[in-house]
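S.K.: I am attaching a structure below and will ask some questions about it afterwards.
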Amino acid sequence: MCGIAGELRFDRRPADLAAVERITHHLAPRGPDAHGFHSQGPIALGHRRLKIMDLAEASGQPMIDSDLGLSMVFNGAIYNYPELRAELETLGYRFFSGGDTEVLLKGYHAWGEALLPKLNGMFAFAVWERDKQSLFIARDRLGVKPLYLSRTGERLRFASSLPALLKGGDIAKTLDAVALNHYLNFHAVVPAPRTILAGVEKLPPATWMRIDADGKVEQKTWWALQFGPQGEEAGYGFEEWRDRTLQTMREAVKIRQRAAVDVGVLLSGGVDSSMLVGLLREAGVENLLTFSIGFQDAGGERGDEFQYSDLIAQHFGTRHHQLRIGEHEILEQLPQAFRAMSEPMVSHDCIAFYLLSREVAKHCKVVQSGQGADELFAGYHWYPQVDGAEDAFAAYRAAFFDREHDEYAACVQPAWLTGDMAGEFVREHFAMLGADAAVDKALRLDSTVMLVDDPVKRVDNMTMAWGLEARTPFLDYRVAELSARIPAQFKLPEGGKYVLKEAARKVIPSAVIDRPKGYFPVPGLKHLEGATLGWVRDLLLDPSQDRGLFNPTMLDQLLTNPQSQLTPLRGSKLWQLAALNLWLSEQGL
């Protein structure tokens, strides 16, 4: 788990090592334990290291194998690297280190891009082939590890975060109007390859790219979810799917315990994180640490779910830590949390994860988290609305989109107005082959797009801001593939995630399963009352922060009665505008 950076020149000039050093320095929180650089002709690589899988200096990066003519930088964790190492040793490869980085390097030499389907883990990496003068970059199936790109006619640069990439210079800091449309409509999700900035892209998940020193680019998507039962699974009943779900989750949790000494779990008190605690205990993990966070009540909404997290902590005898945050600390820490974001995000969870990660990092380096269960196993309220709808796209849009197109047009100033870009994107995604049922189309969109650029990005950004590695068992590709094959009739009942809940019932107390669905609440940011509302008002009305984005009339309406201006997902429309302003300000844009 680290931060990576690099530059490849197309103009026969040496790579700008100074720019790569500036980018890499900004990644220091992601890899506080060590750093390194490598430069040769048109390529320069930079790396920040968080030592977990292998503490030895031999696993330092950039890793160079002169005999093979390869050098690489890697961010992530490959959980099945011991098995891959054994396979490579039978092919005659010999190893000088004990971690997963060298397995990736030699695995790429042995199999090229065919290595990628063999990997179980989270990763973004870059391999420079000296003799071919070619750079190969790749990202994991569900985009757990990020990779941002800046391309000009003279060079390609890449980095693990967008703010770090900006430190290299030579990037136009202008907003992308289409991305702004996505941000304001598609619940702040800006699908790859776009980012909020016109001069920066992100490599899509499950994608590899090969770029040679002349700038020629080849790109391919190497994995996709296939929906519906396969082969003999067509005859499976509920019990078979439930048991397979439990067994696959057991394997996903267990493999993520490799090279983790002090083990933590972000325990919200919901089914997903509680199941992780139960499975870790079942796997024999002792001295298990759990962490929960709570906030002040606001708008009549409770700011914590400690009653459920306490129940799990007591049931499994964990070393439990409660963190309660007051309104003043939210306002104090918001700028730092937004500084840690690679892209602007509106979910209230961001500040919760940021502050919780600060606490967790004092106790351990690795933590398991329950992201992905709702998107994979149909845990959200809109899936029953989409299921069987005459117009699946219209049902999804009504439940998920923050604004209708007319309201978006009234929100932005004319220079930023586009067509219904977010709507067109979702409509095209629903029309793709590979998912026939309406609800499966929504699940595919959420698990391969929304999940990547909201919950997954949120956890990566906020944990890595404190040098904390978050492992997400629900995003094990075997779990994701299994969930896609399970018919919706076994996922939708009882408020969603039915098959997962019934699998969890064999591991955790039913009181946690049969409770009303909860969220990671930060009521003060949702209801915008008191000092928080004043802070948001000052931010949006400060003339020095006026970027000509938003219609003043719309701002006045939102500020006059913010509690009545909520999105279909019960988020604050006013907070969405303030969050973008705050992120731009914290990035110096």
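The values are calculated or read from the model by the stated rules, or taken from the named source; none is laboratory data. If you're wondering where the values come from, they're calculated on a predicted model, not measured in any experiment. Counting neighbours? That spans all protein chains shown, and the Cβs are built from the backbone with ideal geometry, glycine included. The protein model used for the area step is the full one, side chains on, heavy atoms only, and it has no ligands, DNA or RNA in it. Shrake-Rupley method; radii C 1.70, N 1.55, O 1.52, S 1.80 Å.
Residue-wise test of (1) in contact (Cβ under 8 Å) with a residue 40 or more places away in the chain; (2) part of a loop (DSSP other than H, G, I, E, B); (3) under 22 Å from the mean Cα position of the chain (by Cα).
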site	(1), (2), (3)
225	yes, yes, yes
234	no, no, no
239	no, no, no
248	yes, no, yes
253	yes, no, yes
258	yes, yes, yes
273	yes, no, yes
281	no, no, no
291	yes, no, yes
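S.K.: Taking residue 58 as the residue in question, decide whether it is at pLDDT below 95 and not in a loop (DSSP other than H, G, I, E, B). Can you show your working first?
M.R.: On the way: at pLDDT below 95: yes; not in a loop (DSSP other than H, G, I, E, B): yes.
The answer is yes for residue 58.
S.K.: Among the residues of region 464-511, which ones are on the phi < 0 side of the Ramachandran plot, in a loop (DSSP other than H, G, I, E, B), open to solvent by 10 Å² or more (accessible area, probe 1.4 Å) and of a type in the set (D, E, K, R)?
M.R.: 505, 506
S.K.: While we're looking at this one, here's another question. I'd like the residue in region 74-97 that is of a type in the set (S, T, N, Q) and farther than 21 Å from residue 472 by Cβ and, out of all such residues, is least open to solvent (accessible area, probe 1.4 Å). Quick ask: steps written out before the conclusion?
M.R.: Within region 74-97, the first condition is being of a type in the set (S, T, N, Q), and the residues that meet it are 75, 80, 90, 97.
Now narrow it down to the ones that are farther than 21 Å from residue 472 by Cβ: 90, 97.
Numbers: 90: 114, 97: 10 Å².
Filtering region 74-97 for residues that are of a type in the set (S, T, N, Q) and farther than 21 Å from residue 472 by Cβ, the one least open to solvent (accessible area, probe 1.4 Å) comes out as 97.
S.K.: Look at residue 458 and say whether it is touching a Cys at 6+ places or on another chain (Cβ under 9 Å) and open to solvent by 10 Å² or more (accessible area, probe 1.4 Å).
M.R.: Working: touching a Cys at 6+ places or on another chain (Cβ under 9 Å): yes; open to solvent by 10 Å² or more (accessible area, probe 1.4 Å): yes.
It is true that residue 458 is touching a Cys at 6+ places or on another chain (Cβ under 9 Å) and open to solvent by 10 Å² or more (accessible area, probe 1.4 Å).
S.K.: Just wondering, is there one or more residues in region 35-51 that are modelled with pLDDT of 95 or more, in contact with a helix residue (DSSP H, G or I) (Cβ under 6 Å, 6 or more places away or on another chain) and either aromatic (Phe, Trp, Tyr) or in a helix (DSSP H, G or I) (or both)?
M.R.: no
S.K.: When residues of region 542-567 are filtered for being modelled with pLDDT of 85 or more, not in a helix (DSSP H, G or I) and not β-branched (Val, Ile, Thr), how many remain?
M.R.: Matching residues across region 542-567 total 7.
S.K.: Part of a strand (DSSP E or B) and within 20 Å of residue 379 (Cα to Cα) - does that describe any residue in region 260-270? Spell out the reasoning first.
M.R.: The first filter runs over region 260-270 and keeps only residues part of a strand (DSSP E or B), leaving 263-266.
Now narrow it down to the ones that are within 20 Å of residue 379 (Cα to Cα): 266.
Yes, some residue in region 260-270 is part of a strand (DSSP E or B) and within 20 Å of residue 379 (Cα to Cα).
S.K.: Can you tell which of 449, 439 is among the aliphatic types (A, V, I, L, M), in a helix (DSSP H, G or I), in contact (Cβ under 8 Å) with a residue 24 or more places away in the chain and open to solvent by 10 Å² or more (accessible area, probe 1.4 Å)? Give the derivation first.
M.R.: Working: 439 fails: open to solvent by 10 Å² or more (accessible area, probe 1.4 Å).
Checking each option against the conditions leaves just 449.
S.K.: Right, next: The conditions are (1) touching a Lys or Arg at 6+ places or on another chain (Cβ under 6 Å); (2) over 21 Å from residue 176 (Cα atoms), and residue 589 fails exactly one of them. Which is it?
M.R.: (2) is the only condition that residue 589 fails.
S.K.: Can you tell me which residue within region 121-141, out of those that are more than 17 Å from residue 110 (Cβ to Cβ) and of a type in the set (Gly, Ala, Ser), is surrounded by the most Cβ atoms within 10 Å (Cβ to Cβ)?
M.R.: 124
S.K.: Could I ask something else about it? For region 99-111, enumerate the residues that are open to solvent by less than 40 Å² (accessible area, probe 1.4 Å), more than 26 Å from the chain's Cα centre (by Cα) and touching a residue at least 24 places away in the same chain (Cβ under 8 Å). I'd like the intermediate steps shown before the answer.
M.R.: Taking region 99-111 as the starting set, the residues that turn out to be open to solvent by less than 40 Å² (accessible area, probe 1.4 Å) are 99-108, 110.
Keeping just the survivors that are more than 26 Å from the chain's Cα centre (by Cα) gives 106, 110.
The one that is open to solvent by less than 40 Å² (accessible area, probe 1.4 Å), more than 26 Å from the chain's Cα centre (by Cα) and touching a residue at least 24 places away in the same chain (Cβ under 8 Å): 106.
S.K.: Same structure, new question: Consider region 469-509. How many of its residues are at pLDDT 95 or above, of a type outside the set (Val, Ile, Thr) and farther than 17 Å from residue 141 by Cβ?
M.R.: Within region 469-509, residues that are at pLDDT 95 or above, of a type outside the set (Val, Ile, Thr) and farther than 17 Å from residue 141 by Cβ number 18.
S.K.: Would you check if there is a residue in region 569-580 being hydroxyl-bearing (Ser, Thr, Tyr) and over 20 Å from residue 302 (Cα atoms)? Explain how you work it out, then say what you get.
M.R.: Going through region 569-580, the residues hydroxyl-bearing (Ser, Thr, Tyr) turn out to be 572.
If we keep only those that are over 20 Å from residue 302 (Cα atoms) as well, we get none.
Looking for residues that are hydroxyl-bearing (Ser, Thr, Tyr) and over 20 Å from residue 302 (Cα atoms), one finds none in region 569-580, hence no.
S.K.: Would you check if residue 268 is polar (S, T, N, Q) and over 30 Å from residue 530 (Cβ atoms)? Step through it out loud before you land on a result.
M.R.: Working: polar (S, T, N, Q): yes; over 30 Å from residue 530 (Cβ atoms): no.
Considered against the rule, which asks whether it is polar (S, T, N, Q) and over 30 Å from residue 530 (Cβ atoms), residue 268 comes out as no.
S.K.: Still on this structure, please answer the following. What is the residue count in region 228-243 for residues that are closer than 20 Å to residue 477 by Cβ and either open to solvent by 80 Å² or more (accessible area, probe 1.4 Å) or hydrophobic (A, V, I, L, M, F, W, C) (or both)?
M.R.: Qualifying residue count for the region: 2.
S.K.: Right, residue 34: without any contact (Cβ under 8 Å) to a residue 40 or more places away in the chain, open to solvent by 30 Å² or more (accessible area, probe 1.4 Å), farther than 18 Å from residue 127 by Cβ and not polar (S, T, N, Q) or not? Even if it seems obvious, please write down each step before you answer.
M.R.: Values: without any contact (Cβ under 8 Å) to a residue 40 or more places away in the chain: yes; open to solvent by 30 Å² or more (accessible area, probe 1.4 Å): no; farther than 18 Å from residue 127 by Cβ: yes; not polar (S, T, N, Q): yes.
Criteria not met by residue 34.
S.K.: Further question: Just name the residue that is nearest to residue 187 (Cα to Cα) out of those in region 312-369 that are assigned to a helix (DSSP H, G or I), hydrophobic (A, V, I, L, M, F, W, C) and open to solvent by 20 Å² or more (accessible area, probe 1.4 Å).
M.R.: Just the residues of region 312-369 that are assigned to a helix (DSSP H, G or I), to begin with: 312-316, 327-339, 349-360.
Restricting the remaining residues to those that are hydrophobic (A, V, I, L, M, F, W, C) gives 312-313, 316, 330-331, 334, 337-338, 350-353, 355-356, 360.
Among the residues that remain, those that are also open to solvent by 20 Å² or more (accessible area, probe 1.4 Å) are: 316, 331.
Values: 316: 36, 331: 22 Å.
Result: 331.
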